[in-house]
Amino acid sequence: MALVRIALDGYRCFAQRQVIELHPITVVLGKNNAGKSALVRSPVVGETGIRTDSPAPLDIDALGEDFLESFTDLVYGNRPHGKIGIELAIENGPATTRLAATIQHIDEYDTQVVSSVALSSGASSTVLTWEPSEPPDQAAYTIADSGSRHEGIPVEFKGLLPSGLPTETLPHTLVEKVRTAVQSIRAGYPAIRYLGPFRDRPHRRYRLPARMPAELGVTGTHAAGILARDFARQNGLLLRRVNDELTQSLPGWEIGLIERGGMYSVMLTSKADSSVTVNLADAGTGVAQVLPLLVQRAIDNVTDPDGDVLEIIEQPELHLHPAAHAALADMYLSAQRSGLRFIIETHSETFLLRLRRRIAEGTSDPSTVAVYFVEQDNGAATVHRIAIDSNGNLDRWPEGVFSEDYEETQKLAEAQLAKGDPGAR
């Protein structure tokens, strides 16, 4: 199974319906404050409506205040009586199950209801439409299915999905049809990993975790602890894999750990002279920022992910020299496989160029990569797909994006010519 499509309507900075097709590597580009982060984080929000026992359409509390303060933060224009639309497509072999839900905010009750939800597979669709009432949590639904219509049906929800239909008033085939679609969506929605754009600053020393952390955390806070436990209990298996990747982005150096008094320090050591070591806390910011990415890749190389995973990374190139950006692109091309997909938000032209180069060289298929550009106009964001052919060519390119080098070179030459500098010719 795989989540292959997301559509959003009235969501955050997106006033109109936007659709993105998810490929093994989905790259999102755009200028600052265009809406890239809102787009790439949407699967995290969507997960709270799929994997939940909460009767609320979205379990906002599960996201934490740092991620989101209230539901209306998700509504375009923060409208108190606003609504958002979320659509998902789950592919399971030749079959595709689709969910299209609208969430309505009821400001008077400071609550939300699923005002409509459509569950479909192939040409068959079942639509549940809310019949407004007060209080809203006692509402009934009209259910339309294959020409039949059932009104005043009480429906229980868990998140975005109906969890209980009255079997005594509805046909058994309809109840089973909805139950099967719900199970397919829950089973097919991938586990979400999210790594934000600001990773934790390294500490000089770390305690050994009592148990291996289950995940890195949104700021990569557990990366050093994972390496410390690997070093102490697994003979540095992960550490060796991390250094294999580090060689590509930081040649000449390797990461190691030192134990002193039950505390562990992460160290960088020169391959040319092992006496030259530096604590990661004293090293360049870029190495500390990229460490969680390398640790996650090492974990996946040692142990296959359990089930489908969608990994979201914002600005993997943060604080790295451009020479290392291409190595990161190669790392993700090598990492993608069945059951593991990536959404990558980046400001790096070099990252995209390496992806295009590998496609042109024939080592990666064009279908591996999907590129989207997010731009704003009068406060509303729009998502545009940029197609890549087998030669690495793009079918379109937004004006003024990644054009800075050309423009600066042009202006430099103009200034030199104005001074009569022969080197400008």
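For region 93-110, the criterion of being at negative phi, assigned to a strand (DSSP E or B), at pLDDT below 90 and not hydrophobic (A, V, I, L, M, F, W, C) is met by no residue. Residues in region 14-33 that are closer than 21 Å to N378 by Cα and surrounded by fewer than 20 Cβ atoms within 10 Å (Cβ to Cβ): A15, Q16, R17, V19, K31, N32, N33. Figure legend. Inter-residue proximity from region 252-268: first residues in the same structural domain as P209 (by TED's automatic domain parsing), second residues among the acidic types (D, E), beta-carbon distance below 9 Å, spacing 6+ or different chains. Indicated pairs: L257/D230; S265/E259; L268/E254; L268/D282. Being loosely packed, with under 12 Cβ neighbours inside 10 Å and modelled with pLDDT of 85 or more is a description that applies to G362.
No other residue among P305, P292 is in contact (Cβ under 8 Å) with a residue 60 or more places away in the chain, assigned to a helix (DSSP H, G or I) and in contact with a strand residue (DSSP E or B) (Cβ under 7 Å, 6 or more places away or on another chain) apart from P292. The single condition among (1) outside any helix (DSSP H, G or I); (2) surrounded by 15 or more Cβ atoms within 10 Å (Cβ to Cβ) that G46 does not satisfy is (1). Checked against the criterion of being over 29 Å from the mean Cα position of the chain (by Cα), hydroxyl-bearing (S, T, Y), surrounded by 14 or more Cβ atoms within 10 Å (Cβ to Cβ) and at pLDDT 90 or above, the candidates T269, T219 yield just one match: T269. Is there a residue being out of contact with any Lys or Arg (no Cβ under 9 Å at 6 or more places or on another chain), within 22 Å of A223 (Cα to Cα) and surrounded by fewer than 17 Cβ atoms within 10 Å (Cβ to Cβ) anywhere in region 321-340? Scanning region 321-340 turns up at least one residue that is out of contact with any Lys or Arg (no Cβ under 9 Å at 6 or more places or on another chain), within 22 Å of A223 (Cα to Cα) and surrounded by fewer than 17 Cβ atoms within 10 Å (Cβ to Cβ). Residues of region 111-127 that are touching a Phe, Trp or Tyr at 6+ places or on another chain (Cβ under 9 Å) and either surrounded by fewer than 18 Cβ atoms within 10 Å (Cβ to Cβ) or not assigned by TED's automatic domain parsing to the domain that holds I153 (or both): T111 alone. Figure legend. Inter-residue proximity from region 399-425: first residues farther than 28 Å from H384 by Cα and assigned to a helix (DSSP H, G or I), second residues among the small types (G, A, S) and at pLDDT below 70, beta-carbon distance below 9 Å, spacing 6+ or different chains. Indicated pairs: L412/A424; A413/A424; E414/A424; A415/A424; Q416/G423; Q416/A424; L417/A424; A418/A424.
When the criteria are applied in full, I103 fails the requirement of being of a type in the set (V, I, T), touching a His at 6+ places or on another chain (Cβ under 9 Å) and in contact (Cβ under 8 Å) with a residue 24 or more places away in the chain.
Right, D61: among the charged types (D, E, K, R) and part of a loop (DSSP other than H, G, I, E, B) or not?
On the way: among the charged types (D, E, K, R): yes; part of a loop (DSSP other than H, G, I, E, B): no.
The answer is no for D61.
Could you go through region 259-274 and let me know if any residue there is in contact with a helix residue (DSSP H, G or I) (Cβ under 8 Å, 6 or more places away or on another chain) and in a helix (DSSP H, G or I). No: zero hits. For region 8-65, taking the residues that are of a type in the set (A, V, I, L, M) and touching an Asp or Glu at 6+ places or on another chain (Cβ under 6 Å), the one that is nearest to V369 (Cα to Cα) is identified as V28.
Of all residues assigned to region 33-49, at least one qualifies as being farther than 30 Å from M331 by Cα and not basic (K, R). Determine if region 52-65 includes at least one residue that is in contact with a helix residue (DSSP H, G or I) (Cβ under 7 Å, 6 or more places away or on another chain), touching a residue at least 60 places away in the same chain (Cβ under 8 Å), buried (at least 21 other Cβ atoms within 10 Å of the Cβ) and in the same structural domain as G159 (by TED's automatic domain parsing). Yes, region 52-65 contains at least one residue that is in contact with a helix residue (DSSP H, G or I) (Cβ under 7 Å, 6 or more places away or on another chain), touching a residue at least 60 places away in the same chain (Cβ under 8 Å), buried (at least 21 other Cβ atoms within 10 Å of the Cβ) and in the same structural domain as G159 (by TED's automatic domain parsing).
Here G307 fulfils each of the conditions (1) at positive phi; (2) at pLDDT 95 or above apart from (2).
The values are calculated or read from the model by the stated rules, or taken from the named source; none is laboratory data. Model, not experiment: these values are computed from the prediction. With ideal geometry, Cβ positions are generated from the backbone for all residues, glycine too; neighbour counts draw on all protein chains shown.
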